[in-house]
Amino acid sequence: MNPPTSNGTAEKPAVRRALMITYVFPPLGWVGVHRTLKYCRYLPEHHWTTTVVTARPKRNTFLDQKLLAQVPADVPIYRTWDFDPAHIEAKLAEWKLKRMRAKVSEEVATTSKVSTKTVKEGGPRKGIVGSIVRFIKEVCKHSPDSHIFWVPFAFVASAWAMLVSRIDVIYTTSPPHSTHVAGLLLAKIFRKPLVVDFRDPWNVIGSTGVPYQSLPFLMRLAAWTKRKLLHTAARVITVSPGERAEMLREYPELDPAKVVVINNGFDSSDSPPAEPATAPAGDKLTILHAGTIYPGIGGELFDALAEIVNTQPEIAQHLRVDLIGDVDWEYMRPIAGLEAAGVLKSHGLVPHAQALAMMKRSDVLLLLLGGKLFRSSHLPSKAYEYVAAGKPILGVVPEGDLTQILRDSGLGMVVQPNAPEKLAAKLAELVESHRRGELLAQPVAGYKDRFERRTLAAKLAATFDAVLAESARRG
């Protein structure tokens, strides 16, 4: 309770300001923007305002202007220049992708069977020239990432923001993990508490996750930088209990109270309006996967679908799988074949509102975390929007934090990864359940409320309050 003033009214709490340094921010339409966007939107309810420092969107980048409209009008946004060497490489990859698509289209047109053979990139250039090219690429892309060249721009813009307005806490969020370097320097110079947020783990030498195998001196530099960062930060935020446990095992000297979990979540105000009841049983079962399908994690889905198309055509004619988001080009051939067979459609990137509407219209929502890229501690942000949609969720995921959420929500069905034959059987079972009108979701009442963005913003505000109080006690 706030203390009364001399005239008997409650004194209003002081409004504090956090400097939020994030490489991704609206109007970018990427998944990483939502966390910081919603903090900017809901922190003022807890007497915290924000100033944002971010990179200017690159030309031809996917934008979602509706997300930008959600940023409060009184939030100062400093958009800086950026140089990203990986962007040049990506442009070359786009050119190769167009050529490969044409080749795959010709192959698909000449066969009636769906191929699950993936597309592989050519090997690296050999010889002295190849070694020089690889060295330059490693330095530019893994120091600790290609966005290290944004750090000077972010630092200058942030320093200016701190000079022209009172900043109480510095907050940095990654990936890219080089973002934290700017925050580390600012915290040292301006003597402000630093809160670092890991939306994904930063794997270095000694981490539970395997780090990218770069040049030895770059790997040692990344490990030293991360340790320095964690020892400097007033709080370290992870997005899952498993990732918090991994960090404390990696750095046992850290005070456990310093490492906190703030999950990703959903914003109920983003939900599309209610639609009429779904189509009657007998129509196609519609399954939706939202988000990027990375190399090595989607093969079993395409293998399972190919098996159904090639051996169970009566099931295939009642099945439709929609993909929204980027899909790694190694899956180009099976996707082309499955699209030609009429059981799959890849929509590419779509605005967030459209993605949510497609979730609501789908019968089953799909999660893919096979392969070796993700650990059992990984919690993809789309899982929370799936839970909010209230539809059955099929998870091809290892046992861990995610399977716990799937079961606790009352919505989850789990198929262990690397078993395409079991996934094919599960898909056939779901098709039959849908045709009989027996595919029903039974969400646990009130479970999803803990993942509301408003609730999560309150947790971050409490974290800011705590570090500010500790800083004041230290003087």
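The values are calculated or read from the model by the stated rules, or taken from the named source; none is laboratory data. The shown structure was predicted, so the numbers you read here are calculated from the model rather than taken from an experiment. Glycine also receives a Cβ, built like all others from the backbone with ideal geometry; neighbour counts cover every protein chain displayed. Note: areas computed on protein heavy atoms with side chains; ligands, DNA, RNA excluded. Shrake-Rupley method; radii C 1.70, N 1.55, O 1.52, S 1.80 Å.
Things worth noting here:
- Calculated from backbone phi, Karplus (6.51, -1.76, 1.60) coupling profile of region 28-35 in Hz, x at Gly/Pro: 3, x, 7, 5, x, 7, 5, 4
- Gyration tensor over alpha-carbon atoms, region 370-475, equivalent ellipsoid semi-axes in Å: 37, 18, 8
- What the Cβ-Cβ distance of K188 and E339 gives, at R0 = 56 Å and to the nearest 0.05, is a FRET efficiency of 0.60.
- Qualifying chymotrypsin sites (Phe, Trp or Tyr not before Pro) in region 167-263, where qualification requires a DSSP coil assignment and no more than 15 other C-beta atoms within 10 Å, comprise Y212.
- Eligible aspartates and glutamates near K448 by straight Cα distance, threshold 14 Å, same-chain separation 8 or greater: D267, E385, D408
- Unsatisfied cross-links (Cα-Cα over 26 Å) in the set K382/K422; K382/K459; K38/K345; K38/K228: K38/K345; K38/K228
- Placing dummy labels 7 Å off each Cα toward the beta-carbon, the span from R220 to E438 is 6.3 nm.
- For region 172-279, the list of GluC sites (Glu not before Pro) that fall in a loop by DSSP and count at most 10 other C-beta atoms within 10 angstrom reads E253.
- The label point for E314 and the one for D74, both projected 7 Å from the Cα toward the Cβ, are 6.6 nm apart.
- Computed from the C-beta positions of A472 and R227, the FRET efficiency with R₀ = 25 Å rounds to 0.40.
- Label-zone membership for region 341-372, site Q65, 7 angstrom Cα→C-beta point, backbone N under 19 Å: 349-355
- With DNA, RNA and ligands ignored, accessible area of K284 (1.4 Å probe; Å², nearest 10): 90
- Residues V164 and A425, FRET efficiency given R0 of 60 Å [Cβ-Cβ distance, rounded to 0.05]: 0.45
- Most to least packed among 54-60, 191-197 [average Cβ atoms within 10 Å]: 191-197, 54-60
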